[in-house]
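The structure appears right after this line, and notes come after that.
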Amino acid sequence: MQNNQKIIAIFGAGGFVGKHLMRQITKLDYRVKVATRKPYLKGYLKPLGNPGQIELIKTNIFNIENVKTVLNNCDYAINLIGILYETRKQKFSQIHSEFPYLLSNLCNEMGIKKLVHVSALGIKDRHISKYMQSKLQGEKNIQETFGSSVILRPSVIFGPEDKFFNTFASIAQFSPAIPLIGDGKTKFAPIYVGDVAKAITKSLELKNSETKIYELGGPENYSFRELMEILMSEIKKKRLLLNIPFNIAKFQSYFLQLLPKPLLTPDQVDLLKYNNIVSGNYPELSDLGITGTSIKTILPKYIYRFRTGGQFN
Ligand SMILES: NC(=O)c1ccc[n+]([C@@H]2O[C@H](COP(=O)([O-])OP(=O)(O)OC[C@H]3O[C@@H](n4cnc5c(N)ncnc54)[C@H](OP(=O)(O)O)[C@@H]3O)[C@@H](O)[C@H]2O)c1
């Protein structure tokens, strides 16, 4: 490998995608600067590279000098920062729109060769969800500011530590029923976290002077109900799959959003009103030379812990 002189700045590397991406990046011999709010809690990233290959830098992403320190001497930048719900301190517009604007401006100023930004599948003009509106604005901000960028729009991402299957498998531990919001009809194209990580590393080397957008979906589309059926069969639990119309789910979400880690927010109900599958209007995973991995090969490898009796049952 010839990348040992190339340095990548990664924002949000301590999250789910970041952890899986890190090993692929370090195997390719890149050096990595990780921007994080809490370096002392991200020590688990260091063993994913050789000694000295990964540097953790305490960063306030809205402090220009902090972000410049991370980008200094870097060849590439990757943005994985995202939130699923708003809090009093963190708003979608700040995290998904303003930070990409700041980052792409600084990438321009500091001569970064490529910015890979992870957005979300299902973005469209006039989406009713605030999450999607903020993601779309973030993409526009990057497109207008920094030509040499790649925007990746993944569908729901699965793999060890994912929030999707692990959350519903946890609910099945104590609840006799699994709620199917909107009657479970919303379609998804679940994509394996390892494939998203590959797409990010391949994007780094793309030769483009204009922003390229890729829609990333896995090899099969499933309705939400089908995904819950697969999950219940994998964890060997029989649970009632309970249809909940959107208006009732919306009402419930006003209460569920008050939990310290909200189980459901009104904005997430709005998100579920749209299918989350590739549109065919943009290049896809296969255009990056990647063959998508099926849920059925990966899910059994990590979800068994929710079976009564565990792995050998
Ligand atoms: N997971 C999915 O199913 C999915 C689907 C579609 C799109 N995406 C997008 O893919 C990207 C990565 O997702 P993920 O699942 O890896 O998310 P994640 O596990 O929640 O990690 C998100 C990262 O964002 C960082 N972050 C959040 N708020 C921040 C703030 N105020 N300042 C600095 N950093 C902040 C956190 O960094 P630190 O804690 O290290 O500071 C964390 O490492 C996100 O943009 C997400 O929207 C994910």
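The residue among Asn313, Ile54, Ala13 whose Cα reaches farthest toward the positive pole of the charge dipole of the chain, with charges on the beta-carbon of Lys, Arg, Asp and Glu, is Asn313. Model label points for Gln5 and Lys38, set 7 angstrom from Cα along the Cα-to-Cβ axis, are 3.9 nm apart. Estimated from the Cβ-Cβ distance and a Förster radius of 35 angstrom, the FRET efficiency linking Phe62 and Ser233 is about 0.20. From least to most packed, judged by other beta carbons within 10 angstrom and beginning with the fewest, Lys27, Lys207, Lys237, Lys130 follow the order Lys207, Lys27, Lys237, Lys130.
The length gained on full extension between Phe164 and Gln53, counted as 0.36 nm times the residue separation minus their Cα-Cα distance, comes to 36.8 nm. I'd like the orientation of helix 224-234 relative to the chain: the angle between its Cα long axis and the longest Cα principal axis, in ° from 0 to 90, rounded to 10. Rounded to the nearest ten degrees, it is 80. Once you reduce the stretch 147-196 and the stretch 29-70 to the center of their Cα atoms, the two points are 27 Å from each other.
Computed about the Cα centre, the dipole magnitude for the stretch 82-160 is approximately 220 debye when only Lys and Arg (+1) and Asp and Glu (-1) carry charge, each at its Cβ.
I need to check one value: relative contact order of the chain, counting alpha carbon pairs closer than 8 Å and at least 6 residues apart, in percent. Could you put the intermediate results ahead of the total?
On the way: 592 pairs, mean separation 53.3, N = 313.
Dividing the mean separation by the residue count of the chain yields 17 percent.
The magnitude of the dipole of the chain, with charges of +1 and -1 set on the Cβ of Lys/Arg and Asp/Glu and taken from the Cα centre, is near 880 debye. Across all directions, the shadow cast by the convex hull of the stretch 1-87 built on its C-alpha atoms averages 5.8 square nanometres.
What does the charge dipole of the stretch 202-313 about its Cα centre add up to, to the nearest 20 debye, if the Cβ of each Lys and Arg holds +1 and the Cβ of each Asp and Glu holds -1? If you can, show how the numbers build up before the last one.
Numbers: 15 positive and 11 negative charges, 150 e Å.
Approximately 720 debye in magnitude.
Amide H contacts for Leu216 (H built 1.01 Å from N in the peptide plane; partners 5 or more residues away or on another chain; cut-off under 5 Å): Arg153, Ser155. Karplus-based coupling profile of the stretch 49-62, in residue order and whole Hz: x, 6, x, x, 7, 10, 10, 9, 10, 5, 9, 9, 5, 9, with θ = phi - 60° in 6.51 cos²θ - 1.76 cosθ + 1.60 and x standing for Gly or Pro. Compute the angle between helix 130-145 and the longest alpha-carbon principal axis of the chain, please, reported from 0 to 90 degrees and rounded to the nearest 10. So the helix axis and the longest Cα principal axis differ by about 20 degrees. Here's the picture: charge each Lys and Arg Cβ at +1 and each Asp and Glu Cβ at -1 in the stretch 105-150, and of Val150, Gly111, Ser134 the one pushed furthest to the positive end of that dipole is Ser134. In order along the stretch 258-265, the phi-based Karplus estimate (6.51 cos²θ - 1.76 cosθ + 1.60, θ = phi - 60°) of 3J(HN,Hα) comes to 7, 5, x, 10, x, 6, 7, 10 Hz; Gly and Pro are listed as x. In plain terms, the residue of Cys74, Cys107 with the fewest other Cβ atoms within 10 Å comes first and the most crowded comes last, giving Cys74, Cys107.
Estimated from helical segments only, the mean residue ellipticity of the chain at 222 nm is -10500 deg cm²/dmol, where each DSSP H run of four or more residues counts as -39500 (n - 2.57).
Using Cβ contacts closer than 10 Å as the measure, can you line up Phe99, Phe312, Phe251, Phe188 from fewest to most? Kindly include the intermediate steps, with their values, before the conclusion.
Working: Phe99 21, Phe312 6, Phe251 13, Phe188 24.
Ordered from fewest to most neighbouring Cβ atoms within 10 Å, Phe99, Phe312, Phe251, Phe188 come out as Phe312, Phe251, Phe99, Phe188.
Report, for the chain, the % of DSSP beta bridges that are antiparallel, rounded to 5.
Roughly 5 percent of the beta bridges in the chain run antiparallel, per DSSP.
A straight chain from Ser286 to Leu241 at 0.36 nm per residue would run longer than the Cα-Cα distance by 12.8 nm. The long axis of helix 16-27 is offset from the longest Cα principal axis of the chain by roughly 40 degrees.
Applying the Karplus relation 6.51 cos²θ - 1.76 cosθ + 1.60 with θ = phi - 60° to the stretch 77-91 yields 3J(HN,Hα) values of 9, 10, 10, 10, 6, x, 10, 9, 8, 8, 10, 4, 8, 10, 10 Hz, where x marks Gly and Pro.
For the stretch 116-143 versus the stretch 236-292, the spacing of their alpha-carbon centroids is 16 Å.
Kirkwood's formula applied to the C-alpha pairs of the chain gives a hydrodynamic radius of 20.3 angstrom. Per-residue extension of 0.36 nm, minus the Cα-Cα distance of Leu28 and Glu210, leaves a gain of 63.0 nm for this segment.
Only the coordinates and a few stated rules stand behind these numbers; no lab work does. Values in this document were obtained by computation on a predicted structure and should not be read as measured data. Glycine also receives a Cβ, built like all others from the backbone with ideal geometry; neighbour counts cover every protein chain displayed.
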